[in-house]
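Engineer: Before we start, here is the structure in question, set down as structure tokens.
The values are calculated or read from the model by the stated rules, or taken from the named source; none is laboratory data. Here the structure is a predicted model, which is why all the values come from computation and not from measurement. Cβ coordinates were reconstructed from backbone atoms using ideal geometry, including for glycine residues, and neighbour counts include every protein chain displayed.
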Amino acid sequence: MSDIAERVKKIIVDKLGVDESEVTSEASFTNDLGADSLDTVELIMEFEKEFDISIPDEQAENIQTVGHAIEYLESQVSA
Amino acid sequence: MSKRVVVTGIGALTPIGNDVSSFMEGLKQGVSGAARITRFDATGFRTDFACEVKNFNAEDFLDRKEVRRIDPFAQYAMVVADQAIHDCGINLDTVDKSRVGVIWGSGIGGFTTFEEEIEAAGRAVGVPKYNPFLIPKLIVNIAAGHISIKYGFSGVNFAPVSACASANHAVILAADNIRLGRVDMVVCGGSEAAVTRAGIGGFSSMKALSTRNDDPQTASRPFDKNRDGFVLGEGAGALILESYESAKARGAKIYAELLGTGMNADAYHITAPEPTGKGVIQCMQFAMKEAGLNTGQIQYINVHGTSTPLGDVAETNAIQSVFGDDAYGLNISSTKSMTGHLLGAAGAIEAIASILALNHGFIPPTINHFEDDPEIDAKLNFTFNEAQQRDVKAVMSNGFGFGGHNTSLIFGRV
């Protein structure tokens, strides 16, 4: 697992209060991990802080699963 | 009053005890909850001590995610509400939850959250991004919201805000809603968690706080000649108010009846007490009239008594105006000498102290009395330094808030 994936999962575990084992690539923040709309906004903000980037709203709306987040952040951070 | 309103459950989280029985033990022993501040580094602040809640771990009561999403003031509220709900013995599976309300006060609300988030925003470069939980953690009414969500209580639900009178207003409005028949039962009370840099700093700038940094435990000394301000406290108190019929029908234990209530305004100054005390006098008289009691029928007054130079004298004079010679037969005490001033939660824990006095035949003391104040009538019994035994049939509890808000409650035995 990439360093980015590790950091993303750590944030999700911390902010959503879920077990690490639940944070699979396919897991949806809202459907599987119990996030509400406020949690998802906060998650995006935490990703921005952790990776020192800015995620536009239209991109943020597409980040709905753990896999989406890792994929998007890997494309932005390594770029 | 159309319906009788009784107290069937209580819960407390205070600087001298984290539940009702340890709170009562602290009151009987005359324990001070004051110590150097641990919540933040108070070095250099004019006041560096407070009455903090001790050994509290939110994760013992709430899951990790809840803890993160809920400010300490509302965490405290949820903890004491849970104590009181269990204490009152209702069956959560069968009670009609549409007939249960929540009315929950706080003076300030989510001060920790406010301070952290606004300071972070101030450090941001460019337009700051605010945490989506800033608003729902900060707003005063969220405590009532959280309690209703946790238990499904869907009756009347809101937050009265009147600084240090907030919890008393919550109790009064809970009783009114029961009397009007809107609900059978209300979870009411107040909570406060304002031991923060801005909390201490703000009250310090007003010169409202004691600066006795070399001896925090004797700093809260209501009615003593050398009192120099209040000691900031934190915590929460919850009461279950219920119609007498509902309590009787389910065979509930009844701690006390809320016999009378008073509320009005000084209409004078944002923080200073009105010099003639007419607002406070009238407020106590409202409560006496509603209770249908004369001045000889009250044994104990749990005063607002914050340990400020002006406030303590003003309240004493007002009591003497209302009670006349019967004032000399009263026990008077300020439990803030032990707990510090819990602001929007003060009325709740003091109502509980009053109810414990009714139920257990003791008067909690006003600790830290060293020297009489020549401006205060020494013939009054302020229950200085040690608890006194007394058969108490009716008790008054006063609470006044910045803004000139006055409240009085009278509880009696059933």
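Engineer: Restricting to the range B:61-95, what's the tally of residues that are acidic (Asp, Glu), touching a helix residue (DSSP H, G or I) at 6+ places or on another chain (Cβ under 9 Å) and modelled with pLDDT of 95 or more?
Structural biologist: Start the filter on the range B:61-95 by keeping residues that are acidic (Asp, Glu), which leaves B:63, B:66, B:71, B:82, B:87, B:93.
Then drop every residue that is not touching a helix residue (DSSP H, G or I) at 6+ places or on another chain (Cβ under 9 Å), which leaves B:66, B:71, B:82, B:87.
Narrowing the set further to residues that are modelled with pLDDT of 95 or more leaves B:71, B:82, B:87.
Matching residues across the range B:61-95 total 3.
Engineer: Sticking with this one: Taking the condition more than 20 Å from the chain's Cα centre (by Cα) and in contact (Cβ under 8 Å) with a residue 60 or more places away in the chain, does residue B:71 pass?
Structural biologist: Details: more than 20 Å from the chain's Cα centre (by Cα): no; in contact (Cβ under 8 Å) with a residue 60 or more places away in the chain: yes.
Taking the combined requirement at face value, the residue does not satisfy it.
Engineer: Would you tally the residues in the range B:129-155 being without any contact (Cβ under 8 Å) to a residue 60 or more places away in the chain and within 14 Å of chain A (Cβ to nearest Cβ)?
Structural biologist: Residues flagged as without any contact (Cβ under 8 Å) to a residue 60 or more places away in the chain and within 14 Å of chain A (Cβ to nearest Cβ) within the range B:129-155 amount to 9.
Engineer: For residues that are basic (Lys, Arg) and in contact with an Asp or Glu (Cβ under 7 Å, 6 or more places away or on another chain), tally how many sit in the range B:26-43. Full working, then the answer.
Structural biologist: Just the residues of the range B:26-43 that are basic (Lys, Arg), to begin with: B:28, B:36, B:39.
The next check asks that each one be in contact with an Asp or Glu (Cβ under 7 Å, 6 or more places away or on another chain); those that pass are B:36, B:39.
Adding up the residues that qualify gives 2.
Engineer: Another question, then. Which residue out of B:274, B:234, B:245 is in contact with a helix residue (DSSP H, G or I) (Cβ under 9 Å, 6 or more places away or on another chain) and either farther than 17 Å from residue B:398 by Cβ or among the aliphatic types (A, V, I, L, M) (or both)?
Structural biologist: Numbers: B:274 fails: either farther than 17 Å from residue B:398 by Cβ or among the aliphatic types (A, V, I, L, M) (or both); B:245 fails: in contact with a helix residue (DSSP H, G or I) (Cβ under 9 Å, 6 or more places away or on another chain).
On inspection, the qualifying residue turns out to be B:234.
Engineer: For residue B:62, which of the numbered conditions (1) buried (at least 23 other Cβ atoms within 10 Å of the Cβ); (2) closer than 29 Å to residue B:253 by Cβ; (3) within 14 Å of chain A (Cβ to nearest Cβ) fails to hold?
Structural biologist: Residue B:62 satisfies all of (1) buried (at least 23 other Cβ atoms within 10 Å of the Cβ); (2) closer than 29 Å to residue B:253 by Cβ; (3) within 14 Å of chain A (Cβ to nearest Cβ) except (1).
Engineer: Within the bounds of the range B:8-19, is there any residue that is assigned to a strand (DSSP E or B) and either surrounded by fewer than 19 Cβ atoms within 10 Å (Cβ to Cβ) or over 17 Å from the mean Cα position of the chain (by Cα) (or both)?
Structural biologist: The first filter runs over the range B:8-19 and keeps only residues assigned to a strand (DSSP E or B), leaving B:8-14, B:17.
If we keep only those that are either surrounded by fewer than 19 Cβ atoms within 10 Å (Cβ to Cβ) or over 17 Å from the mean Cα position of the chain (by Cα) (or both) too, we end up with B:8.
Yes: one or more hits.
Engineer: Just to check your reading of the model, which residue among A:47, A:29 is farther than 22 Å from residue B:120 by Cβ, within 14 Å of another protein chain (Cβ to nearest Cβ) and in contact (Cβ under 8 Å) with a residue 24 or more places away in the chain? Steps first, please.
Structural biologist: On the way: A:47 fails: farther than 22 Å from residue B:120 by Cβ.
So the residue among A:47, A:29 that is farther than 22 Å from residue B:120 by Cβ, within 14 Å of another protein chain (Cβ to nearest Cβ) and in contact (Cβ under 8 Å) with a residue 24 or more places away in the chain is A:29.
Engineer: Now, a different point. Tell me, which residue of the range B:374-389 that is among the hydrophobic types (A, V, I, L, M, F, W, C) and assigned to a loop (DSSP other than H, G, I, E, B) is surrounded by the most Cβ atoms within 10 Å (Cβ to Cβ)? Before you say what the answer is, go through the steps one by one.
Structural biologist: Initial filter on the range B:374-389 (among the hydrophobic types (A, V, I, L, M, F, W, C)): B:376, B:378, B:380, B:382, B:384, B:387.
Now narrow it down to the ones that are assigned to a loop (DSSP other than H, G, I, E, B): B:376, B:378, B:380, B:382, B:387.
Working: B:376: 18, B:378: 9, B:380: 18, B:382: 25, B:387: 18.
Ranking the candidates gives B:382 first.
Engineer: Just to check your reading of the model, which residue among A:54, A:37 is within 24 Å of residue B:125 (Cα to Cα), at the interface with another protein chain (Cβ under 10 Å from one of its Cβ atoms) and either touching a strand residue (DSSP E or B) at 6+ places or on another chain (Cβ under 6 Å) or modelled with pLDDT under 95 (or both)?
Structural biologist: On the way: A:37 fails: within 24 Å of residue B:125 (Cα to Cα).
The match here is A:54.
Engineer: Could you tell me which numbered condition residue B:118 fails, if it satisfies all but one of (1) in contact with a Leu (Cβ under 9 Å, 6 or more places away or on another chain); (2) assigned to a loop (DSSP other than H, G, I, E, B); (3) farther than 26 Å from residue B:337 by Cβ?
Structural biologist: (2)
Engineer: Tell me which of these residue B:50 doesn't satisfy, since it passes every other one: (1) more than 17 Å from residue B:20 (Cα to Cα); (2) more than 14 Å from chain A (Cβ to nearest Cβ); (3) assigned to a loop (DSSP other than H, G, I, E, B).
Structural biologist: Going through the list (1) more than 17 Å from residue B:20 (Cα to Cα); (2) more than 14 Å from chain A (Cβ to nearest Cβ); (3) assigned to a loop (DSSP other than H, G, I, E, B), residue B:50 breaks only (3).
Engineer: Find the residue count for the range B:152-195, including only residues that are of a type in the set (Phe, Trp, Tyr) and closer than 17 Å to residue B:85 by Cα. Walk me through how you get there before you give the answer.
Structural biologist: The first filter runs over the range B:152-195 and keeps only residues of a type in the set (Phe, Trp, Tyr), leaving B:153, B:158.
Add one more test, that the residue is closer than 17 Å to residue B:85 by Cα, and what stays is B:153.
Residues flagged as of a type in the set (Phe, Trp, Tyr) and closer than 17 Å to residue B:85 by Cα within the range B:152-195 amount to 1.
Engineer: Specify which of the listed residues (B:34, B:81) is among the small types (Gly, Ala, Ser), in contact with a Ser or Thr (Cβ under 7 Å, 6 or more places away or on another chain) and in contact (Cβ under 8 Å) with a residue 60 or more places away in the chain. Explain how you work it out, then say what you get.
Structural biologist: Values: B:81 fails: in contact with a Ser or Thr (Cβ under 7 Å, 6 or more places away or on another chain).
Answer to the check: B:34.
Engineer: Hey, another quick one. Answer yes or no: is there a residue in the range B:156-165 that is more than 13 Å from chain A (Cβ to nearest Cβ) and free of Cβ contacts under 8 Å to residues at least 40 places away in the same chain.
Structural biologist: Our first condition is that a residue be more than 13 Å from chain A (Cβ to nearest Cβ); within the range B:156-165, this holds for B:156-165.
Checking which are free of Cβ contacts under 8 Å to residues at least 40 places away in the same chain leaves us with none.
No, because not a single residue in the range B:156-165 is more than 13 Å from chain A (Cβ to nearest Cβ) and free of Cβ contacts under 8 Å to residues at least 40 places away in the same chain.
Engineer: So which residues in the range B:390-414 are surrounded by fewer than 15 Cβ atoms within 10 Å (Cβ to Cβ) and either within 25 Å of residue B:208 (Cβ to Cβ) or out of contact with any helix residue (DSSP H, G or I) (no Cβ under 9 Å at 6 or more places or on another chain) (or both)?
Structural biologist: B:391 - this is the single residue of the range B:390-414 that is surrounded by fewer than 15 Cβ atoms within 10 Å (Cβ to Cβ) and either within 25 Å of residue B:208 (Cβ to Cβ) or out of contact with any helix residue (DSSP H, G or I) (no Cβ under 9 Å at 6 or more places or on another chain) (or both).
Engineer: Does any residue of the range B:372-379 turn out to be within 30 Å of residue B:110 (Cα to Cα) and either within 15 Å of the chain's Cα centre (by Cα) or of a type outside the set (A, V, I, L, M) (or both)?
Structural biologist: Within the range B:372-379, the subset within 30 Å of residue B:110 (Cα to Cα) is none.
Within the range B:372-379 (the criterion being within 30 Å of residue B:110 (Cα to Cα) and either within 15 Å of the chain's Cα centre (by Cα) or of a type outside the set (A, V, I, L, M) (or both)), the answer is no, since none of the residues qualifies.
Engineer: Here's something else I'd like to know. Among residues belonging to the range A:15-26 that are touching a residue at least 24 places away in the same chain (Cβ under 8 Å) and either small (Gly, Ala, Ser) or surrounded by fewer than 17 Cβ atoms within 10 Å (Cβ to Cβ) (or both), point out the one that is nearest to the other protein chains (Cβ to nearest Cβ). Steps first, please.
Structural biologist: Step one: filter the range A:15-26 for residues touching a residue at least 24 places away in the same chain (Cβ under 8 Å), giving A:15-16, A:23-26.
Okay, now just the ones that are also either small (Gly, Ala, Ser) or surrounded by fewer than 17 Cβ atoms within 10 Å (Cβ to Cβ) (or both), so A:24-26.
Details: A:24: 19, A:25: 22, A:26: 21 Å.
Among residues in the range A:15-26 that are touching a residue at least 24 places away in the same chain (Cβ under 8 Å) and either small (Gly, Ala, Ser) or surrounded by fewer than 17 Cβ atoms within 10 Å (Cβ to Cβ) (or both), the one nearest to the other protein chains (Cβ to nearest Cβ) is A:24.
Engineer: For residue B:238, state whether it is out of contact with any Lys or Arg (no Cβ under 8 Å at 6 or more places or on another chain) and aliphatic (A, V, I, L, M). Spell out how you get there, then give the answer.
Structural biologist: Values: out of contact with any Lys or Arg (no Cβ under 8 Å at 6 or more places or on another chain): yes; aliphatic (A, V, I, L, M): yes.
Spelling it out, residue B:238 is indeed out of contact with any Lys or Arg (no Cβ under 8 Å at 6 or more places or on another chain) and aliphatic (A, V, I, L, M).
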